[in-house]
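Here the structure is laid out as structure tokens; the discussion comes afterwards.
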Amino acid sequence: MAQVNSATDKFYITTPIYYVNDRPHIGHSYTTIAADCLARYHRLQGQQVLFSTGTDEHGQKVARSAAQQGVAPQEFADEVVEAFKLMWKRLHIEYDRFIRTTEPDHVVAAQSVFQRLVDSGDVYLGQYQGWYCVPCETYLRESDLEAAVCPQCGRPVEQVAEPAYFFRTSKYADRLQQYIEEHPEFIMPTSRRNEVLAFIEAGMHDACVSRSRTEWDIPVPVDYSQSIYVWLDALVNYLTVAGYPDDQQTFQTWWPPRVQLIGKDILTRFHATLWPAVLMALQVPLPGTIFAHGWWITEEGDKISKSKGNVLDPYNIARQLVDISNATTAVAVDSIRYFLLREVTFGLDGSFSWAALLTRFNADLANDLGNLLNRTLPLVERYLDSKVPQPGPGAGELADQIDKARTTVQQAMAAVSFRAALEAIWQLIAAANKFIDERAPWNLYKHAKLVELEAVLYDVLDCIRVIAIMIQPFMPAIADEIWRQLGLETTGTQQTWATCQALQLPPGIYIQPGAPIFPRVDIERSLKRLQGQVEAGEETQPSAQPPPVTITMDQFGKMELKVGTVVEAHRVRGADKLLRLLVDIGEDQPRQIVAGLAEQINPRELLSQQVIVVANLEPATIHGVQSQGMILAVGDKEPIALVTIDRECPPGSTVR
């Protein structure tokens, strides 16, 4: 991938758009987290970023899934789209455009592309006879089949014989092969590029780009008896996002995409051959890099996918990690992001297991990063009254390690190598921990060497600041929490890549330590718990439970439950478990409510959240702060989840 040469460069990055025939899972999340990481990194660089993702909503597969649930395709699609958007919000993914193929501007773009290809003679009417896999929405040749089933999903295929329009893919085979050979960064990684070249050399056939008309497709503009093939429809989304065909100013600004991230299963037939051939026919520049990543597989070696029936929901994994570790939800989510991008080289298959996840959590996050923070801030509290010192004589000893890490991370991100980038950051973390061990600030304090003490602690705090910036693309919530604990949130200092160099930490600010970000996990015990096992000697007889207490409807009616929107959230100074919230429940002024959520939930995570408030609870003073209500949460002793609503409602709405 080409290096970015200017801070004013535009960076357009895409994920594939996902079929709405089912809910999002770890496969969708992996691609989208990776794209979000690159988008955040380039925003840190000061570039303008366009990050698009979305949903592919046409085709027989979607129509059949809707019919099975007894709803119209549009209603079915709308519901699944909300599930995707909610998942991306939960996984800290910040896209710039969520494109749906049912949107009017996309229908215009798809039909415009088809019309141009007809006008240029690159699309012609013919007769299709062969096999079709509805779940994969893929045309297949006899040689592709394995025992009359789709080689991709393993499900039965259908024989089709019907008029159809074809795109002259074969016309562009030689030109495409030459382009790939001359631009090694176009298809990555190298192993995938070699597969694509072998596919082209074996002979490219003209691609069928239409099907007999259905009501849940985009009609072919020159023939309303035909629908645009769902894969051509889907690929055009990248053009739609960039303003094609009507907004030429926007299109010239953003096109072509710098990076397109996809799964390896949709590379060869679609993104590496049909897609660039269509762009060549349209006389539109090709993307900078199409990067095909691997699959996540089970410990038994099976692909994790909907068709295999073994999907994993990354947010559910995060919630389980919260339960195991007592980390906040935001930290658990970022830990999943870290694991997915660190555990395996991007481009190869990866094996998911709880043992691997918990080992990474303890070793990398708790022992390395968490330990650096947890040992440094108390020293600053104890020896320097929580104040960041001036970088006096001797400061800047970690400058070389910071410069080395910055350079290596830049090179790794340019090559879409997330693992290499994280390894470089963790080498910097190790250098900072080693620096503390060698310089022993406790001994400097003991011997009243104040100048040296201040220089050492300044260097470590400054290095932590750089680390927070570097991990921000990977773990944004954790980066923000480190930023807050360093006291930088109060200064208005922005996280920018340009400040990833030594001696940039503002002196004179006060650190704000909090609870440990990464509580260590008992891995063996946790794995048994996840497997539903109980350690020997821990079995207990269930104690006799008192009969449940019932209340009347009149008693229940005395409780005023209101929908509230959190407008401010801050930690209560001196109380590890408490947050002070301002919640809009439709009154003239927001209610101030104290909630014991600080150890489970980052305050930033609560902003704009809609919660359920007990509005007529008697006011109470908690840790010196008046609380005018209660937020409902799930959990016996410690809250593990908020009680909220499945769609937005006006603040003050009555819950009944």
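Any idea how many residues of segment 183-195 are surrounded by fewer than 17 Cβ atoms within 10 Å (Cβ to Cβ) and in a loop (DSSP other than H, G, I, E, B)? Before you say what the answer is, go through the steps one by one.
As a first pass, look at segment 183-195 and keep what is surrounded by fewer than 17 Cβ atoms within 10 Å (Cβ to Cβ): 183-185, 190-191, 194-195.
With in a loop (DSSP other than H, G, I, E, B) added as a condition, the list becomes 183-185.
Going through segment 183-195 one residue at a time, the tally reaches 3.
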Enumeration of residues in segment 609-621 that are surrounded by 16 or more Cβ atoms within 10 Å (Cβ to Cβ), under 23 Å from D576 (Cβ atoms) and either among the polar types (S, T, N, Q) or modelled with pLDDT under 90 (or both): Q609
Return the residue satisfying two criteria in turn: it lies in segment 313-350 and is over 24 Å from V416 (Cα atoms) and in contact with a His (Cβ under 9 Å, 6 or more places away or on another chain), and of such residues it is surrounded by the most Cβ atoms within 10 Å (Cβ to Cβ). A330
Are there any pairs with C-beta distances below 7 angstrom linking a residue in segment 368-393 that is more than 19 Å from F435 (Cα to Cα) to a residue that is part of a helix (DSSP H, G or I), with the two at least 6 apart or on different chains, and if so which? S386/V380
Within segment 196-214, take every residue that is in contact with a strand residue (DSSP E or B) (Cβ under 9 Å, 6 or more places away or on another chain) and part of a helix (DSSP H, G or I) and give me the one that is surrounded by the most Cβ atoms within 10 Å (Cβ to Cβ). V196
The one condition Q626 fails out of (1) surrounded by fewer than 18 Cβ atoms within 10 Å (Cβ to Cβ); (2) part of a strand (DSSP E or B); (3) modelled with pLDDT of 90 or more is (3)
For A363, indicate whether it is surrounded by fewer than 17 Cβ atoms within 10 Å (Cβ to Cβ), free of Cβ contacts under 8 Å to residues at least 40 places away in the same chain and over 13 Å from F435 (Cα atoms). yes
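Could you please give the count of residues in segment 305-328 that are under 18 Å from H28 (Cα atoms) and at pLDDT 90 or above? Full working, then the answer.
Of the residues in segment 305-328, the ones under 18 Å from H28 (Cα atoms) are 305-318.
Next cut, at pLDDT 90 or above only: 313-318.
The number of residues fulfilling the criteria is 6.
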Inspect segment 476-484 for any residue being more than 21 Å from the chain's Cα centre (by Cα), among the small types (G, A, S) and farther than 13 Å from L369 by Cβ and give the result as yes or no. no
Could you list all residues from segment 380-423 that are among the aliphatic types (A, V, I, L, M), crowded, with 19+ Cβ neighbours inside 10 Å and farther than 21 Å from F339 by Cβ? V380, L384, V388, A395, L398, I402
On the given criteria, is S353 of a type in the set (G, A, S) and either buried (at least 22 other Cβ atoms within 10 Å of the Cβ) or at pLDDT 95 or above (or both)? no
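Listed here are the residues, each with its yes/no results for (1) out of contact with any Lys or Arg (no Cβ under 9 Å at 6 or more places or on another chain); (2) part of a loop (DSSP other than H, G, I, E, B); (3) modelled with pLDDT under 95.
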| residue | (1), (2), (3) |
| --- | --- |
| P16 | yes, yes, no |
| I33 | no, no, no |
| R43 | yes, no, no |
| F51 | no, no, no |
| A67 | yes, no, yes |
| L86 | yes, no, no |
| D105 | yes, no, no |
| V108 | yes, no, no |
Between a residue in segment 481-501 that is in a helix (DSSP H, G or I) and any residue that is acidic (D, E), which pairs come within a Cβ distance under 6 Å, given they are 6 or more apart or on different chains? W483/E489
Matching residues in segment 74-85 - criterion: being without any contact (Cβ under 8 Å) to a residue 24 or more places away in the chain and surrounded by 14 or more Cβ atoms within 10 Å (Cβ to Cβ): D78, E79, K85
Please state which one of P276, P287, P245 is under 28 Å from the mean Cα position of the chain (by Cα) and assigned to a loop (DSSP other than H, G, I, E, B). P287
Can you tell me which residue within segment 551-586, out of those that are among the charged types (D, E, K, R) and assigned to a loop (DSSP other than H, G, I, E, B), is nearest to G629 (Cα to Cα)? E560
Out of (1) part of a loop (DSSP other than H, G, I, E, B); (2) in the same structural domain as R382 (by TED's automatic domain parsing); (3) touching a helix residue (DSSP H, G or I) at 6+ places or on another chain (Cβ under 6 Å), the one I478 does not meet is (1)
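Could you say which residue among D217, D174 is assigned to a helix (DSSP H, G or I) and more than 30 Å from Q47 (Cβ to Cβ)?
Working: D217 fails: assigned to a helix (DSSP H, G or I).
Sole residue among the options that is assigned to a helix (DSSP H, G or I) and more than 30 Å from Q47 (Cβ to Cβ): D174.
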Which condition from (1) touching a helix residue (DSSP H, G or I) at 6+ places or on another chain (Cβ under 8 Å); (2) modelled with pLDDT of 95 or more; (3) closer than 28 Å to G347 by Cβ is the one that E185 breaks? (1)
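The values are calculated or read from the model by the stated rules, or taken from the named source; none is laboratory data. Remember, it's a predicted structure, so these values are computed and weren't measured experimentally. For neighbour counting, all protein chains shown are included, and Cβ atoms are generated from backbone atoms with ideal geometry for every residue, glycine included.
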